[in-house]
1. Using each residue's phi in the stretch B:182-188, evaluate 6.51 cos²θ - 1.76 cosθ + 1.60 at θ = phi - 60° and report the 3J(HN,Hα) Karplus result to the nearest Hz, with x for Gly and Pro.
2. What whole-number value in cubic angstrom gives the convex hull volume per residue for the C-alpha atoms of the stretch B:139-186?
3. In degrees between 0 and 90, to the nearest 10, how far off the longest principal axis of chain B does helix B:65-83 point, with axes built from Cα atoms?
4. Let a ≥ b ≥ c be the square roots of the eigenvalues of the Cα gyration tensor of the stretch B:33-99; is it rounded (a/c under 1.5), or, if not, prolate (a/b larger than b/c) or oblate?
5. Helix B:37-49 sits at what angle to the longest principal axis of chain B, using alpha carbons and giving 0 to 90 degrees rounded to 10?
6. Can you list, shortest first and in nm, the gaps between the label point of residue A:19 and those of its counterparts in the other copies, using a point 7 Å from Cα in the C-beta direction?
7. Give the Rg (one decimal place) followed by the Dmax (whole number) of the protein assembly as shown, computed from C-alpha coordinates and expressed in Å.
8. Out of the stretch B:120-222, which trypsin sites (Lys or Arg not before Pro) are coil in DSSP terms and have no more than 12 other C-beta atoms within 10 Å?
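What follows is calculated from the coordinates using simple rules that are stated; it is not laboratory data. Computed from a predicted structure; not experimentally measured. Quick reminder, even Gly has a Cβ in these numbers, built from the backbone with ideal geometry, and neighbours come from all protein chains shown.
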2 protein chains.
Amino acid sequence: MTSFTEENYLKIIYKLSAETDNEISTNAVAELTQTKAASVTDMLRKLSEKQLVSYQKYQGVRLTEKGEKVALMVIRKHRLWEVFLVNKLGFNWDEVHEIAEELEHINSDELVQRLDEFLGFPQCDPHGDPIPNRHGLMPELGYKNLSEITVNQQVVMMGVAQHSTNFLQYLAKIGLNLGAKIKIIEINDFDKSLTIKIGVKKECFLSNEVAKNVLVKAIKMD
Amino acid sequence: MTSFTEENYLKIIYKLSAETDNEISTNAVAELTQTKAASVTDMLRKLSEKQLVSYQKYQGVRLTEKGEKVALMVIRKHRLWEVFLVNKLGFNWDEVHEIAEELEHINSDELVQRLDEFLGFPQCDPHGDPIPNRHGLMPELGYKNLSEITVNQQVVMMGVAQHSTNFLQYLAKIGLNLGAKIKIIEINDFDKSLTIKIGVKKECFLSNEVAKNVLVKAIKMD
DNA sequence: ATATATTTTTAGATTAGTCTAAAATTTACT
DNA sequence: AGTAAATTTTAGACTAATCTAAAAATATAT
Ligand SMILES: [Mn+2]
Ligand SMILES: [Mn+2]
Ligand SMILES: [Mn+2]
Ligand SMILES: [Mn+2]
């Protein structure tokens, strides 16, 4: 069995692994777990003994297949609970992360399976993140960052690549909600900032920093 | 803040207190927490420092008002989650206790409030146990034990006073489900065992031990 | 009332997870 | 290559929750 704490470490190593092909450093893990490097070293040795990570001292860490499976199941639970909180209990999408952070450690395969069914087998969570299926397979949603879209293309907002309350509330303020239709009016060459049109009414200015964190889907022109 | 473990101790002391007006013994707590008396002593000193119980060594323990409030909120969460698992996810009533045992420690007033609303503010859980309201008030449901009912009285099964899987499956086997109409045909003077009629069809024999753990409501004759 | 049995507490140890400070290793920079 | 800086690991300590074994207190039974 994996403890609450071990699961959080595995999840964080998984997230860091998505951004690179290299081994993950002790310090990177320490930053996300909000602990000190010394604590991380202890835990990595422990996870290594349990065959959940491959780790040699001073050489960084990598998930084993077994460890990745555990991480994916925790992420699956996290995202399913987020869907529950937003779709069934009416929470706002910027209020659910902390609660899901606790719920993700509840231990019952039967529960997860039934919850998934109750929610209608959703493909992604309220932030647009894909939900691994019961086998740990992450669905390919094919979303792009708004920063990769070219001028005049029409897209629909599908999610975010960052979950901070700050960011989510900023999006709410400028009226950029899930499902919003977006058209790129102009791209500023110098700083890659954008002028976009949201729906039919609003024009709006976006920094590249924001655009990189907005996930969109191209509208099919058929 | 109260930890997972502290909450379990408080809940157990609450349950034991319901059966007596006296102080609760260290051993009684140890039995239900599945720990040793020495561990209980340590925890009681700690809970006492936090003003959650009143405790003097060798004299047993009692919840303070503050401790009772915490216990009631844990019980509230436990029972609400049980309702969710049965009514929304389709679990059987004998499958939900262990899962609720974990869910009851999730920490968010907002979550509990919204869950309560989502479930339609239920008065009792799938076992017929009353659900404390947000102020910690336990609704008076006025259910009686089947063992207290007199011959020829008509009653409806509303719950159970015991949650063991064994017991619940036995009830299922003899067809004694929530909402079943029961009529007492005969009471055996010697061992207080009962012959009852369930619904219109079945006659059935019940030991006093079973009858004591079946909760019923008298049918209004109007 | 005294001796015996039971219950409860203390003393000392263990495990998981964390910390600080110091030592070891790796990386980066002349 | 040689030194300085940064990273990582070890050593030793702490807290929460638990245990066993021994001591202390309470309850029970002659
Ligand atoms: Mn977590
Ligand atoms: Mn999410
Ligand atoms: Mn519990
Ligand atoms: Mn119950």
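1. Those phi angles translate into 10, 10, 7, 8, 7, 10, 7 Hz.
2. 92
3. 50
4. Here the stretch B:33-99 falls in the prolate category.
5. 70
6. In nanometres, ordered from closest: 5.5.
7. My reading of the Cα-based Rg and Dmax gives 27.7, 95 Å.
8. B:134, B:201, B:220
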